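Asks: I have a structure I would like to understand better, so I am pasting it below and will then ask my questions one at a time.
The values are calculated or read from the model by the stated rules, or taken from the named source; none is laboratory data. This one's a predicted model, so the numbers in the text were calculated from it and none came from an experiment. Cβ: placed from backbone, ideal geometry, glycine included. Neighbour counts: every protein chain shown. With ligands, DNA and RNA removed, areas are computed over all heavy atoms of the protein, side chains included. Shrake-Rupley method; radii C 1.70, N 1.55, O 1.52, S 1.80 Å.
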Amino acid sequence: MDVLQLDVSGRPQAWITTREAAVIYASDGVAWTLGDPCQVLRGGLQRISGRQSRIEVHPIIAVRGAVPSRAWRQAPALSNAKLFVRDRFICAYCGHRCLPEDLTREHIQPTSRGGQDTWMNCITACRPCNGRKGSRLPEEAHMSLLYLPYVPSLHEDMILRGRRILADQMEFLLASVPSNSRLHG
Ligand SMILES: [Zn+2]
């Protein structure tokens with residue numbers, strides 16, 4: 001399982017491994033936690049007490065330290081994997097739900113015609129639809145979008161990035177995802 005790392009104000013920063021979380025616990029870097037402990041890690045013997053050290057890892061940890069404000073303002077990086085999750089693996093043109101290997105990153109305004117590689121210009125399309133549209137605009141190809149692109153928020157991005165998200169983590173992240181997001185659907 002992965003641990004959701006927040007900054008001290010509660011903004012998501014990263015998914016980290018339980019080992020990485022243990023290092024933060026051991027260096028007294030955890031400011032607060034959410035959820036019940038989900039894993040117990042055992043370390044070396046403590047020199048004074050002779051007992052084995054034991055770290056309870058929580059699903060969500062907020063780490064001490066300065067808040068990096070720049071990362072917060074940037075739009076999340078675009079990847080095919082995250083794009084397909086944002087669009088729920090559904091082709092924007094024919095509406096078919098597909099496996100990731102059958103999907104493509106479709107540029108609504110083709111890059112050959114000045115379209116940008118951004119969240120707002122990219123949508124999920126199956127291979128046949130992408131091939132049929134080619135380097136045309138949707139209106140030129142008479143192919144309309146069944147849903148619209150959007151830029152995920154940081155909380156949403158953490159959901160798109162997560163590999164196996166625990167219930168506590170999902171509840172925390174979804175609480176800050178706008179209600180018009182497809183992730184609520
Ligand atoms: Zn399609």
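Asks: Could you say which residue among 66, 81 is away from the ligand (no atom under 16 Å from the Cβ), among the small types (Gly, Ala, Ser), closer than 30 Å to residue 37 by Cα and assigned to a helix (DSSP H, G or I)? Steps first, please.
Replies: Values: 66 fails: assigned to a helix (DSSP H, G or I).
Just a single option satisfies the conditions, and that option is 81.
Asks: Just give me the residues in the range 123-176 being among the hydroxyl-bearing types (Ser, Thr, Tyr), within 16 Å of the ligand (Cβ to nearest atom) and open to solvent by less than 80 Å² (accessible area, probe 1.4 Å), in sequence order. Steps first, please.
Replies: Step one: of the range 123-176, the residues among the hydroxyl-bearing types (Ser, Thr, Tyr) are 124, 135, 144, 147, 150, 153, 176.
This time we only want the ones that are within 16 Å of the ligand (Cβ to nearest atom), so: 124, 144, 147.
Those that are among the hydroxyl-bearing types (Ser, Thr, Tyr), within 16 Å of the ligand (Cβ to nearest atom) and open to solvent by less than 80 Å² (accessible area, probe 1.4 Å): 124, 147.
Asks: Taking the condition of being of a type in the set (A, V, I, L, M, F, W, C) and touching a residue at least 60 places away in the same chain (Cβ under 8 Å), how many residues in the range 129-158 meet it?
Replies: First, the residues of the range 129-158 that are of a type in the set (A, V, I, L, M, F, W, C): 129, 137, 141, 143, 145-146, 148, 151, 154, 158.
Now restrict to residues that are touching a residue at least 60 places away in the same chain (Cβ under 8 Å): 151, 154, 158.
Residues meeting the conditions: 3.
Asks: Here is a further query. How many of the residues in the range 1-34 are surrounded by 17 or more Cβ atoms within 10 Å (Cβ to Cβ), modelled with pLDDT of 90 or more and either in a loop (DSSP other than H, G, I, E, B) or among the acidic types (Asp, Glu) (or both)?
Replies: 2
Asks: Identify, from the list 176, 181, the residue that is touching a His at 6+ places or on another chain (Cβ under 6 Å), among the polar types (S, T, N, Q) and within 30 Å of residue 58 (Cα to Cα).
Replies: Result: 176 is the single residue among 176, 181 that is touching a His at 6+ places or on another chain (Cβ under 6 Å), among the polar types (S, T, N, Q) and within 30 Å of residue 58 (Cα to Cα).
Asks: Could you run through the range 95-122 and say how many residues are open to solvent by 50 Å² or more (accessible area, probe 1.4 Å) and within 16 Å of the ligand (Cβ to nearest atom)?
Replies: Residues flagged as open to solvent by 50 Å² or more (accessible area, probe 1.4 Å) and within 16 Å of the ligand (Cβ to nearest atom) within the range 95-122 amount to 7.
Asks: Does residue 135 satisfy the criteria of being touching a Ser or Thr at 6+ places or on another chain (Cβ under 7 Å) and outside any loop (DSSP other than H, G, I, E, B)? Spell out how you get there, then give the answer.
Replies: Numbers: touching a Ser or Thr at 6+ places or on another chain (Cβ under 7 Å): yes; outside any loop (DSSP other than H, G, I, E, B): no.
Considered against the rule, which asks whether it is touching a Ser or Thr at 6+ places or on another chain (Cβ under 7 Å) and outside any loop (DSSP other than H, G, I, E, B), residue 135 comes out as no.
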